[in-house]
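**Q** Input: one structure, supplied below.
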Amino acid sequence: MTKKATVLFWCVVLFFSGVISTESCKLQKQDDPLNVILITLDTQRADYISAVNSTKALTPNIDSLAGKGIIFENCYSPIPITGPAHASLFYSLLPHELNLYNNGQVFNNEKNLMSIAQIFKKKGYQTAGFVSLGVLNAKFRLADGYDSFVDNQPENRWYLHAEEVNERVFPWLDKNRENRFFIWIHYSDPHDPYAPPSLPPDLRISFNGQPYTELCLQKEERLSMRFRLRKGDNTIECVVLNPYPDSQDEFRMSLNDIKYSATKNVRIKYEGLNVVHKDERLSLLIKDRGRIKIENPGNTEEFRMEASGRIYLLAQEKVQAYREEVEYMDFQIGRLIKKLEQRKLLDKSLVVIVGDHGEGLGNHRTLLGDPHFGHIHYLYTEYLKIPLILYNPYWKENGSIRTDLTTILDVTPTILAAMGWEKMPFHKGFDLQKTRGERNPVIFGETYRPESTRDRFSGLQYPWHLIFTPGRDRYELYNVLDDPDEQTNLYAQKKENAVIIDLEKTVKTHTLEILSKKKDIELDPKSLEMLRSLGYIK
């Protein structure tokens with residue numbers, strides 16, 4: 001071999017050795033344990049993620065992670081209720097299979113199933129959960145398997161803002177950055193009340209001509225007044241800071257469940273306020289301003305007034321406030337992503353962003369004809385379709401969009417598969433890295449009394465979505481391809497179609513089986529108070 005040939009030979013050897021060594025390093029790196037960061041977005045509609053739909057909200061931070069990972073455009077939750085939806089995520093089973101139907105219900109786990117947190121704990125991972133909404137507090141038994149579970153909310157509300165959640169999460173990440181960990185972070189800003197922290201006050205209270213306090217009733221801040229009455233006339237004045245436009249001749253606000261002290265020796269009259277007595281509860285309705293006149297015939301006396309409050313928003317105001325909540329939450333998720341990058345955790349973690357259910361924003365109407373805002377009661381697409389974004393630094397599919405049908409039940413099996421672990425025998429979901437369209441052709445939805453006004457069930461067999469309300473023997477049928485907002489009920493026209501006959505039979509059989517086994521739900525008084533505060537029960 002000539003000298004030139006020898007040099008060329010060794011260059012080739014070194015080159016391929018380098019390639020093999022590099023590839024070996026990559027494989028070795030892929031074999032390193034991943035951390036898992038599971039982020040659930042409560043009440044987050046899929047179409048309010050701008051990577052999915054750029055016309056409704058701007059979510060650049062979620063979009064940036066989606067651009068690095070995989071977006072699943074057609075992911076569905078089985079139920080528009082927070083507690084059962086999260087249970088379905090953690091156990092990869094439908095709510096009725098877990099005997100968990102409503103918020104405020106304690107999960108009994110009669111079959112001793114292992115949640116995703118328990119699986120990671122058993123594998124030696126540090127586990128932590130940070131929740132922002134009272135319906136996920138540890139007492140409801142979805143916290144099993146966590147070494148650390150932070151669920152306390154302020155005294156005056158049952159929820160946390162995303163910034164408050166981050167303030168709890170960041171120190172834990174700093175402390176555990178060298179550990180293998182599984183962390184669940186729950187944000188709930190798009191949930192009612194639609195009230196980002198930056199909202200200004202909307203009600204001013206004065207006492208005897210002097211400013212007393214300003215409140216934001218949109219944030220559900222409570223009124224608490226304590227002062228000394230002078231002898232003679234005293235006046236509490238309420239001024240609405242953002243009244244309706246002139247064309248709206250309706251009440252803008254109400255003060256509810258009003259409680260006075262020291263009323264034995266005083267007389268109370270109302271000016272410019274509509275007084276409502278119902279079930280021994282006193283409410284005052286306010287258009288733009290009104291006065292509470294207190295006549296004190298005696299000496300100086302301490303007086304107290306306590307009340308909750310509510311502002312009545314126009315439909316377009318609610319939609320705008322929901323959008324602002326989503327964008328505020330996205331900003332805080334951006335802070336979380338930056339924290340992960342600074343601690344060099346992002347590129348050695350599997351990150352999952354998933355909604356628990358959607359939200360109605362006035363597209364459908366109640367039985368009384370009012371635009372419906374909220375969730376729980378209905379099973380239309382906007383209540384069930386959720387965002388799902390997966391980022392694994394080692395997946396070849398990163399940067400892609402998947403359009404096949406998926407469900408929240410697929411999240412846990414996919415995470416376990418990414419770790420190289422088998423899914424549990426009871427799991428009903430699939431590993432999304434291996435499965436495309438191999439599921440049951442019907443995706444089921446369900447919602448239950450007493451939180452829902454009625455038990456309802458649905459089956460989505462693309463493009464047909466059939467909704468069944470057994471208490472009214474009512475069927476609704478929508479073609480979600482031609483009618484994505486589900487405004488035209490085609491059941492009467494299509495019920496003789498062979499495909500619809502089979503779908504109806506499947507949904508009805510599914511419904512009757514569930515209802516025959518469903519147990520009554522009992523809620524403790526504290527849970528009922530919380531559910532009323534969050535708007536779940538009226």
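**Q** Exactly one condition in (1) at pLDDT 95 or above; (2) in contact with a Pro (Cβ under 8 Å, 6 or more places away or on another chain) is false for residue 362; which is it?
**A** (1)
**Q** Could you check the stretch 388-435 and list, in sequence order, the residues that are farther than 21 Å from residue 91 by Cα and assigned to a loop (DSSP other than H, G, I, E, B)?
**A** Across the stretch 388-435, the qualifying residues are 392, 393, 394, 395, 396, 397, 398, 399, 403, 404.
**Q** Just to check your reading of the model, which residue among 399, 374 is touching a residue at least 40 places away in the same chain (Cβ under 8 Å), within 20 Å of residue 103 (Cα to Cα), surrounded by fewer than 20 Cβ atoms within 10 Å (Cβ to Cβ) and not hydroxyl-bearing (Ser, Thr, Tyr)?
**A** That would be 374, the only listed residue that is touching a residue at least 40 places away in the same chain (Cβ under 8 Å), within 20 Å of residue 103 (Cα to Cα), surrounded by fewer than 20 Cβ atoms within 10 Å (Cβ to Cβ) and not hydroxyl-bearing (Ser, Thr, Tyr).
**Q** Considering the stretch 435-468 alone, what residues qualify as being small (Gly, Ala, Ser) and modelled with pLDDT of 95 or more?
**A** 445, 458, 459
**Q** Next question, about the same structure. Would the stretch 451-472 turn up any residue that is without any contact (Cβ under 8 Å) to a residue 12 or more places away in the chain and surrounded by fewer than 16 Cβ atoms within 10 Å (Cβ to Cβ)?
**A** no
**Q** Continuing with the same structure: Within the set of pairs 6+ apart or on separate chains, which have a first residue in the stretch 338-355 that is farther than 27 Å from residue 410 by Cα, a second that is at pLDDT below 95 and not β-branched (Val, Ile, Thr), and C-beta atoms under 6 Å apart?
**A** Hits for this filter: 343/177.
**Q** Scanning the stretch 52-75 for residues that are closer than 19 Å to residue 402 by Cα and small (Gly, Ala, Ser), which turns out surrounded by the fewest Cβ atoms within 10 Å (Cβ to Cβ)?
**A** Out of the qualifying residues, it is 54.
**Q** Could you list, in sequence order, all residues of the stretch 432-450 that are more than 15 Å from residue 79 (Cβ to Cβ) and either buried (at least 17 other Cβ atoms within 10 Å of the Cβ) or of a type in the set (A, V, I, L, M) (or both)?
**A** 432, 439, 442 - these are the residues of the stretch 432-450 that are more than 15 Å from residue 79 (Cβ to Cβ) and either buried (at least 17 other Cβ atoms within 10 Å of the Cβ) or of a type in the set (A, V, I, L, M) (or both).
**Q** Within the stretch 407-433, which residues are among the polar types (S, T, N, Q) and touching a helix residue (DSSP H, G or I) at 6+ places or on another chain (Cβ under 9 Å)?
**A** Hits for the stretch 407-433 are 407, 412, 433.
Rundown of residues vs (1) free of Cβ contacts under 8 Å to residues at least 12 places away in the same chain; (2) surrounded by 17 or more Cβ atoms within 10 Å (Cβ to Cβ), yes/no style:
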| residue | (1), (2) |
| --- | --- |
| 159 | no, yes |
| 167 | yes, no |
| 172 | no, yes |
| 192 | no, yes |
| 197 | no, no |
| 200 | no, no |
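**Q** Looking only at the stretch 111-142, filter to residues that are of a type in the set (Gly, Ala, Ser) and within 16 Å of residue 181 (Cα to Cα); which one of those is farthest from the chain's Cα centre (by Cα)?
**A** 124
**Q** Which of the residues that make up the stretch 375-387 are in contact with an Asp or Glu (Cβ under 7 Å, 6 or more places away or on another chain) and assigned to a loop (DSSP other than H, G, I, E, B)?
**A** Those that are in contact with an Asp or Glu (Cβ under 7 Å, 6 or more places away or on another chain) and assigned to a loop (DSSP other than H, G, I, E, B): 375, 376, 380.
**Q** If you don't mind, there's one more thing I want to ask. Looking at the stretch 182-214 only, could you name the residues that are under 16 Å from residue 284 (Cα atoms) and modelled with pLDDT under 95?
**A** none
**Q** Please specify each residue of the stretch 135-157 satisfying the condition of being among the hydrophobic types (A, V, I, L, M, F, W, C), crowded, with 19+ Cβ neighbours inside 10 Å and touching a strand residue (DSSP E or B) at 6+ places or on another chain (Cβ under 7 Å).
**A** The answer is 136, 143, 149.
**Q** Let me ask something additional. Search the stretch 233-252 for residues being among the hydrophobic types (A, V, I, L, M, F, W, C) and part of a strand (DSSP E or B), and hand back the single one that is farthest from residue 305 (Cα to Cα).
**A** Out of the qualifying residues, it is 240.
The values are calculated or read from the model by the stated rules, or taken from the named source; none is laboratory data. Note that the coordinates shown come from a computational prediction; the quantities given were computed from them, not determined experimentally. Backbone-built Cβ (ideal geometry, glycine too); neighbour counts: all protein chains shown.
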